[in-house]
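This report concerns only the one structure given below.
The values are calculated or read from the model by the stated rules, or taken from the named source; none is laboratory data. As the structure is a computational prediction, the values presented were derived from the model and not from experiment. Please note: Cβ atoms are built from the backbone with ideal geometry, for glycine as well, and neighbour counts cover all protein chains shown. Please note that ligands, DNA and RNA were not included when accessible areas were found on the heavy atoms of the full protein model with its side chains. Shrake-Rupley method; radii C 1.70, N 1.55, O 1.52, S 1.80 Å.
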Amino acid sequence: MLKYGVILACILSISLGAKTFPENFLFGAAGASYQIEGGWDEDGKGLSMWDVYAHTPGNIKNGDTGDIACDSYHKYKEDVALLKQLGLNVYRFSISWPRILPNGTPTQINQAGLNYYKNLIKELKAADIEPLVTLYHWDLPLHLLELGGWLNPRLADYFGDYARIVFENFGDDVKYWITLNEPGTTCTQGYEAGIHAPGLNLTGEAVYQCSYVSLLAHAKAYHIYDTEFRAKQGGKVTLNLACGWYYPQTESEEDAEAVRRSLDFNCGIYADPIFKGNWPQSMIDRIRERSKLEGYSFSRLPDFTEQEKSQINGTADYVSLNMYTSRVVWHISDYPIGPIPSLDLDLSVGSGVDPSWPASASSWLFSDPPGVRYLLNYLRDTYNPSEFVITENGWSDVGDLDDQGRIAYWKGYLSNILDAIVDDGINVIGYTAWSLLDNFEWAEGYTQRFGMIQVDFNDPNRTRTLKSSAKWYSGVVSTGQIDP
Ligand code: GOI
């Protein structure tokens, strides 16, 4: 009966012109090691900077940690069964660097760590679910933090050695790789704002050094894949980009400039180097100028050598885009030079939101569905990548099972993504919703929930329960249409 209903609905909607996602579109969900695995000190895993940061009192709401999280280290089979039950065909997860290399270096390889991911991938393959794997989603081995973390250019070499071990072990089964998740978030929240690990407030300086080192590390891993693995493994590698969309507050030329600067400082900072071989010109010019006025003999934004430019240029086989929200921005006439430089002073943009946008439980996240379509068009026009995967997009609330706010959000964003595909001809080949499970939301602990599946963090079993949005999303996946 239900089957005929679905067929009838399909015929009706085709005749009414409802749009359909492409035949082989990858529909899935995402998660990340520190946010879901737990098992923080099990079976030979080393410490990451997030273990230490979360264990330090005062850093995380309610003193929460990722020590157990969703316990996916033990419950991964249940996670895969849920993905399968929902009919999803791609799972985005990340590998914990210190679970495989306890001190971050190849001097010790933890077989139990390799086995965990081998088993997870085997389980996914058996369920016909494509793994989309992030090598690094913020859990840096502590030893490498002590060696300078993302401020030490040698981190690129360490990351390359780690990437090689991952490609060697899993590359036969993984065709979509992401090197680093949202380097911009680590560099701004971890080194500028100091509210993510490693908790440093080295404003206006470390943020750019961190971005520079992140790009070197990404490029190192990309070329290792290219020269040692691509021919036999045939996968794709990219750097993840977290971009928002920006609207000008007024029609003025200054506010139009503020939009361009916001795109450059937040998105172009990584997209320009990997697609065009250098920082956005607005960043080069502004940071050099302000550094000079501050008395520096060099720019706080590191210059790339010609060799580095060519090493970084062209290191994206596809775009992995995390997109959540939009901002309304306005120009601030250049901030006066002061004793403490910062990215905000360099950027000189004010920002807010449109009062009509629904607010989530996260202070920064508002729903503006058309923003994703504008952004996809902008990225296509600016960088002309061959394909896009939207690797994160999601909504936070406080965890209710009947999560109508999340459904409304995903409905709006997916409709706009579908319009971008069908009407604008943009090659979006996949979408992994953030997130499969409620999980450890970094500095917010477990106070904000992004999952389509609820996890009971008070229950030692970490019982998983489908929310309304999971059922709704499952319908989209099975019909390829937004409102079947
Ligand atoms: C992902 O990062 C991540 O990959 C996942 O692991 C994670 O679980 C998931 O998202 C969900 O969070 C109030 C201009 C205070 C400057 C409001 C505009 C600070 C600063 C709003 C807008 C926003 C998600 C910090 C990407 C960092 C939150 C990137 C989202 C800082 C604000 C702002 C605000 C602003 N971002 N992050 N911020």
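Of note:
- Modelled FRET efficiency - R0 41 Å, THR227 with TRP364, Cβ distances, 0.05 increments: 0.55
- By accessible area, using a 1.4 Å probe on protein heavy atoms only, region 387-484 has 46% of its surface on carbon and sulfur.
- Here the spin labels are modelled as points 7 Å beyond Cα on the Cα-Cβ line, and at ASP354 and ASN278 they lie 3.5 nm apart.
- For region 234-385: rounded, prolate or oblate by the Cα gyration tensor [a/c cutoff 1.5]: oblate
- With 0.36 nm allotted per residue and the present C-alpha distance subtracted, the GLU146-ALA112 stretch has 9.8 nm of extension available.
- Semi-axes of the equivalent ellipsoid for region 18-151, computed as √(5λ) from the eigenvalues of its C-alpha gyration tensor and ordered from largest down, come to 29, 17, 15 Å.
- Using the Karplus relation 6.51 cos²θ - 1.76 cosθ + 1.60 with θ = phi - 60°, the per-residue 3J(HN,Hα) values for region 423-433 come to 8, 9, x, 8, 7, 8, 9, x, 8, 10, 5 Hz, with x marking Gly and Pro.
- Loop-located GluC sites (Glu not before Pro) across region 215-302 with a Cβ neighbour count of 12 or fewer within 10 Å are GLU251, with loop assigned by DSSP.
- Computed label-point distance, nm, for sites ASP67 and PHE298 using a 7 Å Cα→Cβ extension: 4.3 nm
- Overall, the anisotropy analysis places region 353-454 in the prolate class: the square-rooted eigenvalues a ≥ b ≥ c of its C-alpha gyration tensor yield a/c not less than 1.5, with a/b exceeding b/c.
- For the chain, the solvent-accessible area of protein heavy atoms averages 38 Å² per residue (probe radius 1.4 Å; ligands and nucleic acids excluded).
- Amide hydrogen neighbours beyond the local backbone of SER48, cut-off 5 Å, H modeled: LEU142
- Computed on the chain, the Cα convex hull volume stands at 149 Å³ per residue.
- Simple label model, 7 Å out from Cα along Cβ direction - THR20 to SER252, nm: 5.1 nm
- Here region 180-228 and region 232-286 have alpha carbon centers that stand 16 Å from each other.
- Positive-end extreme of charge dipole, region 22-478 - chosen from SER360, THR391, ILE195 (charges on Cβ): THR391
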